[in-house]
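Working notes, structure below.
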Amino acid sequence: MPSQIPLPLDNAPALTRADFIVADGNRDALAFIESWPAWAVPAAALYGPAASGKSHLAAIWMARSRAQRVSAAALSGSAFVLLDRTYPVVIEDVDTSQPNPARDTAIFELLESASHAAPVLLTGRTEPASWTFALPDLGSRFSALVGFSLWAPDDFLLRRLAQKLFEDRQLAVPEQTVEQMLRALERSPAAVREFVARADAKALAEGRSINSALVRELLARDATGE
């Protein structure tokens, strides 16, 4: 019987406050987001590795503040002039975008015009002081940002993340299968997210449920580099 072809279905994660997994590594960042609108600063940053929850926290804040969202890379083009400067702004993925005069001037102007009524929230993978820039004045603004890190995922967070990712895909996966998966994977949210996507695709293509046998097959394939 031929395998099914996995269709590119929309498996967008749920990004509400109720869906956010609270752990020691993100508690301070969440507390800051939830303190809106009583922020003590007009600009701040969230930073941490891929899939650590930066976009989720940004989405929570956007729902509260009606903030606009733009990628740092898009500010190299026409995105800057389309922003309403009277509303809050989220600038995502600052340190993975290429520094250039257009991007840096836009970020600098947004930070200069930030206010308690229209603050700016930036995200990146590393602390803001290490972000690269082409405009010297922007470097000092990055260094001065109040930053909140999302690091060191513990067992609880990784377990809940795996369960949530399966739930987002409307998949019921036994707890022991989740534990088996986590014992073998790199301890990072990105690794968990990538493995869940592959497990879902394999189960769909082969018409199977996600169980210990399927997880073993994927792990064996990873071990052999196939």
**Q.** Total residues in region 204-226, condition out of contact with any helix residue (DSSP H, G or I) (no Cβ under 6 Å at 6 or more places or on another chain), of a type in the set (G, A, S) and outside any loop (DSSP other than H, G, I, E, B)
**A.** 4
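Hey, any hits in region 165-173 for a residue that's of a type in the set (G, A, S) and not assigned by TED's automatic domain parsing to the domain that holds I33?
Initial filter on region 165-173 (of a type in the set (G, A, S)): 172.
This time we only want the ones that are not assigned by TED's automatic domain parsing to the domain that holds I33, so: 172.
Yes: region 165-173 contains one or more residues that are of a type in the set (G, A, S) and not assigned by TED's automatic domain parsing to the domain that holds I33.
Restricting the search to region 52-70, which residues are on the phi < 0 side of the Ramachandran plot, in a loop (DSSP other than H, G, I, E, B) and either among the acidic types (D, E) or in contact (Cβ under 8 Å) with a residue 60 or more places away in the chain (or both)? I'd like the intermediate steps shown before the answer.
As a first pass, look at region 52-70 and keep what is on the phi < 0 side of the Ramachandran plot: 52, 54-65, 67-70.
Checking the rest, the ones that are also in a loop (DSSP other than H, G, I, E, B) come to 52, 67.
The one that is on the phi < 0 side of the Ramachandran plot, in a loop (DSSP other than H, G, I, E, B) and either among the acidic types (D, E) or in contact (Cβ under 8 Å) with a residue 60 or more places away in the chain (or both): S52.
Suppose the filter is surrounded by fewer than 16 Cβ atoms within 10 Å (Cβ to Cβ), outside the structural domain of A51 (by TED's automatic domain parsing) and assigned to a helix (DSSP H, G or I); does A199 pass it?
Values: surrounded by fewer than 16 Cβ atoms within 10 Å (Cβ to Cβ): no; outside the structural domain of A51 (by TED's automatic domain parsing): yes; assigned to a helix (DSSP H, G or I): yes.
It is false that A199 is surrounded by fewer than 16 Cβ atoms within 10 Å (Cβ to Cβ), outside the structural domain of A51 (by TED's automatic domain parsing) and assigned to a helix (DSSP H, G or I).
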Q: Look at T132 and say whether it is surrounded by 15 or more Cβ atoms within 10 Å (Cβ to Cβ), among the hydroxyl-bearing types (S, T, Y) and either modelled with pLDDT of 95 or more or not in a loop (DSSP other than H, G, I, E, B) (or both).
A: no
Q: Filter region 152-181 down to residues that are crowded, with 18+ Cβ neighbours inside 10 Å and within 10 Å of V215 (Cβ to Cβ), then give me how many there are.
A: 4
Q) Restricting region 45-55 to residues that are surrounded by fewer than 22 Cβ atoms within 10 Å (Cβ to Cβ) and touching a helix residue (DSSP H, G or I) at 6+ places or on another chain (Cβ under 8 Å), which is modelled with the lowest pLDDT? A) A51
Q | Residues (under 27 Å from K54 (Cβ atoms) and charged (D, E, K, R)) located in region 174-226 | A | E179, R183, E186, R187, R193, E194, R198, D200, D222
(Q) Looking at (1) in the same structural domain as I107 (by TED's automatic domain parsing); (2) part of a helix (DSSP H, G or I); (3) closer than 22 Å to A51 by Cα, which one does S143 not meet, given that it meets all the others? (A) (3)
Q.
Pairs needed: first member in region 36-51, without any contact (Cβ under 8 Å) to a residue 12 or more places away in the chain; second member anywhere, assigned to a loop (DSSP other than H, G, I, E, B); C-beta distance under 8 Å; at least 6 residues apart or different chains.
A. none
Q) Out of (1) buried (at least 21 other Cβ atoms within 10 Å of the Cβ); (2) part of a helix (DSSP H, G or I), what's the single condition that is false for L121? A) (2)
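Select from region 81-109 the residues that are among the hydrophobic types (A, V, I, L, M, F, W, C), under 16 Å from F133 (Cβ atoms) and over 22 Å from the mean Cα position of the chain (by Cα) and write down the one among them that is surrounded by the fewest Cβ atoms within 10 Å (Cβ to Cβ). Step through it out loud before you land on a result.
Filtering region 81-109 for residues among the hydrophobic types (A, V, I, L, M, F, W, C) gives 81-83, 89-91, 94, 102, 106-108.
Now drop any that are not under 16 Å from F133 (Cβ atoms), which leaves 91, 94, 102, 106-108.
After this cut, where a residue has to be over 22 Å from the mean Cα position of the chain (by Cα) as well, the list is 102, 106, 108.
Working: A102: 14, A106: 23, F108: 18.
For region 81-109, the residue satisfying everything is A102.
The values are calculated or read from the model by the stated rules, or taken from the named source; none is laboratory data. Nothing here was measured: the structure is a model prediction, and the numbers come from that model. So basically every Cβ, Gly included, is an ideal-geometry build from the backbone, and we count neighbours across all protein chains shown.
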